[in-house]
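Only one structure is covered here, and it is reproduced in the block below.
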Amino acid sequence: MPIETTKSTFMVAALEEARRAAARGEVPIGAVIVDNAGQVLAAAGNRTEELSDPTAHAEMLAIRQACADRGAPRLPDCAIYVTLEPCPMCATAISFARLTRLYYGASDAKGGGVEHGPRIFHQPTCHHKPDLYPGIGENEAADLLRSFFQERR
């Protein structure tokens with residue numbers, strides 16, 4: 001399968017997780033972790049409201065699941081697909097987990113921590129920077145978020 005098709009397939013899965021999160025009343029963000037062989041190790045959507053846990057972001061849940069399944073604190077042969085630019089907390093967790101690639105959909109000028117805000121991967125204290133691939137599924141991710149918040153206004 002060509003790499004562009006593969007990227008799209010995994011972002012489609014992340015977008016589906018985001019839609020499921022929206023259906024639960026959560027901010028529609030989804031994440032999928034994939035190993036180098038193309039095997040999906042974990043998929044999650046936001047659950048902060050459901051779990052009453054401010055750290056229950058899609059990325060955090062997916063990282064926890066993949067690490068637990070592997071019995072290891074790091075995922076050096078894996079990539080993460082996220083529908084929105086990760087916040088500073090999630091960007092730091094991605095670095096700590098040693099994920100090799102980060103693909104994300106929409107940018108987040110207000111709450112992002114990768115290209116916006118503190119730019120976690122550019123800090124001298126950041127010991128691991130994944131390869132970045134922004135804008136994968138950007139329009140669909142942005143539309144999903146926009147619709148979610150318009151319905152709540």
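Taking Gly105, is it in contact (Cβ under 8 Å) with a residue 24 or more places away in the chain, under 25 Å from Ala23 (Cβ atoms) and assigned to a loop (DSSP other than H, G, I, E, B)?
no
Would you say Ala42 is over 23 Å from Asn139 (Cβ atoms), open to solvent by less than 60 Å² (accessible area, probe 1.4 Å) and either in contact (Cβ under 8 Å) with a residue 60 or more places away in the chain or in contact with a helix residue (DSSP H, G or I) (Cβ under 6 Å, 6 or more places away or on another chain) (or both)? Walk me through it before giving the result.
Working: over 23 Å from Asn139 (Cβ atoms): yes; open to solvent by less than 60 Å² (accessible area, probe 1.4 Å): yes; either in contact (Cβ under 8 Å) with a residue 60 or more places away in the chain or in contact with a helix residue (DSSP H, G or I) (Cβ under 6 Å, 6 or more places away or on another chain) (or both): yes.
So Ala42 fits the description; yes.
Within the stretch 10-41, how many residues turn out to be touching a Ser or Thr at 6+ places or on another chain (Cβ under 9 Å) and acidic (Asp, Glu)?
Of the residues in the stretch 10-41, the ones touching a Ser or Thr at 6+ places or on another chain (Cβ under 9 Å) are 11, 14-15, 17-18, 22, 26-31, 34, 36, 38.
Within this subset, residues satisfying the condition of being acidic (Asp, Glu) are 17, 26.
So the answer is 2.
Going through the stretch 90-148 one residue at a time, which ones are buried (at least 18 other Cβ atoms within 10 Å of the Cβ) and among the small types (Gly, Ala, Ser)?
Ala91, Ala93, Ser95, Ala97, Gly105, Ala106, Gly112, Gly113, Gly137, Ala141
Considering every residue within the stretch 78-96, establish whether at least one is more than 25 Å from Phe148 (Cβ to Cβ) and among the acidic types (Asp, Glu).
Looking through the stretch 78-96, none of the residues is more than 25 Å from Phe148 (Cβ to Cβ) and among the acidic types (Asp, Glu).
In this structure, does Ala37 turn out to be open to solvent by 80 Å² or more (accessible area, probe 1.4 Å), part of a loop (DSSP other than H, G, I, E, B) and among the aliphatic types (A, V, I, L, M)? Walk me through it before giving the result.
Working: open to solvent by 80 Å² or more (accessible area, probe 1.4 Å): yes; part of a loop (DSSP other than H, G, I, E, B): yes; among the aliphatic types (A, V, I, L, M): yes.
Answer is yes for this residue.
Residue-wise test of (1) in contact with an Asp or Glu (Cβ under 8 Å, 6 or more places away or on another chain); (2) not small (Gly, Ala, Ser).
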| residue | (1), (2) |
| --- | --- |
| Arg70 | no, yes |
| Ala93 | yes, no |
| Tyr103 | no, yes |
| Val114 | yes, yes |
| Thr125 | no, yes |
| Ile136 | no, yes |
| Leu145 | no, yes |
| Gln150 | no, yes |
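Can you pull out the residues in the stretch 45-69 that are under 17 Å from Ala18 (Cβ atoms), part of a loop (DSSP other than H, G, I, E, B) and either open to solvent by less than 60 Å² (accessible area, probe 1.4 Å) or among the acidic types (Asp, Glu) (or both)?
Within the stretch 45-69, Asn46, Ala56, His57 qualify.
For the stretch 70-89, does any single residue satisfy the condition of being out of contact with any helix residue (DSSP H, G or I) (no Cβ under 6 Å at 6 or more places or on another chain), open to solvent by 10 Å² or more (accessible area, probe 1.4 Å), in a helix (DSSP H, G or I) and free of Cβ contacts under 8 Å to residues at least 12 places away in the same chain?
no
The values are calculated or read from the model by the stated rules, or taken from the named source; none is laboratory data. Bear in mind the structure is a predicted one, so any value in this text is a computation, not a measurement. Neighbour counts run over all protein chains shown; Cβ positions are idealised from the backbone, glycine included. Just so you know, the surface numbers come from the protein's heavy atoms only, side chains and all, with ligands and any DNA or RNA stripped out. Shrake-Rupley method; radii C 1.70, N 1.55, O 1.52, S 1.80 Å.
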